[in-house]
Amino acid sequence: MGDVVHTYFFDFTVNSAYTTADYNGYTATQEGYQLLVVNTTIKNTFSSSITMWDSDFQAQWSASQETEEYSWPITDDGNVPTVSDDQLPAEYDLAVDDARTGDIVFELPAGEKDFSVSTLEIFDDGSEEGEEGDTYAVFFTATAQ
């Protein structure tokens, strides 16, 4: 945590992370799950404005290393709005050299404490999926709250 990760389009830093049963009144929708709150700073280092989505990031946990399970942010499917002013929105724009800090919230199995948050570069090559670039991940142990 605290190291700056440099991608083609932006830099990101995982500032802190914790697990909790409740985030500003929101609780996990699946039985046996907890919330992972990852405070992140994202800075546009690209030559023009970029649109960011919470689905630019996904979380994995220690047990998912073998099963390839992962979680998208709680706001990814559009059914859950942001529940805190500290939370990054589902979609936002970053001007050149602008940075934004906020929480990204995931639902993950209870009892897990070792996680990673990753992002995959997607280049617009005119196809529906785009061309994939590199994947970047930050590995950390979250504290329980």
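With a 1.4 Å probe and every protein chain kept in, tell me what percent of the accessible surface of the chain is carbon plus sulfur.
Details: 3450 of 7950 Å².
Carbon and sulfur: 43 percent of the exposed surface of the chain.
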Taking a probe of 1.4 Å, how large is the accessible area per residue of the chain, in Å²? 55
The answer for residue 52, listing residues at least 5 apart or on another chain whose modeled amide H is closer than 5 Å to its amide H, is 92, 93, 94
Given H placed 1.01 Å from N in the peptide plane, which residues other than close sequence neighbours of residue 88 have an amide H under 5 Å from its amide H? 103, 104
Run through the DSSP bridge list for the chain and note the antiparallel percent, rounded to the nearest 5. 95
Taking θ as phi - 60°, what are the ³J(HN,Hα) couplings along segment 132-141 by the Karplus curve (6.51, -1.76, 1.60), each to the nearest whole Hz, with x for Gly and Pro? 7, x, 7, 9, 10, 9, 10, 9, 7, 10
Using θ = phi - 60° and the Karplus curve 6.51 cos²θ - 1.76 cosθ + 1.60, what whole-Hz ³J(HN,Hα) does each residue of segment 11-22 get, with Gly and Pro shown as x? 9, 9, 9, 8, 7, 6, 7, 8, 9, 7, 8, 9
Please list, in order along segment 110-117, the HN-Hα scalar couplings obtained from phi with the Karplus expression 6.51 cos²θ - 1.76 cosθ + 1.60 (θ = phi - 60°), rounded to whole Hz, x for Gly and Pro. 5, x, 6, 9, 9, 9, 9, 10
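The values are calculated or read from the model by the stated rules, or taken from the named source; none is laboratory data. Owing to the predicted nature of the structure, the values given are computational and were not obtained by experimental measurement. Keep in mind that these areas ignore ligands, DNA and RNA; they rest on the heavy atoms of the full protein, side chains included. Shrake-Rupley method; radii C 1.70, N 1.55, O 1.52, S 1.80 Å.
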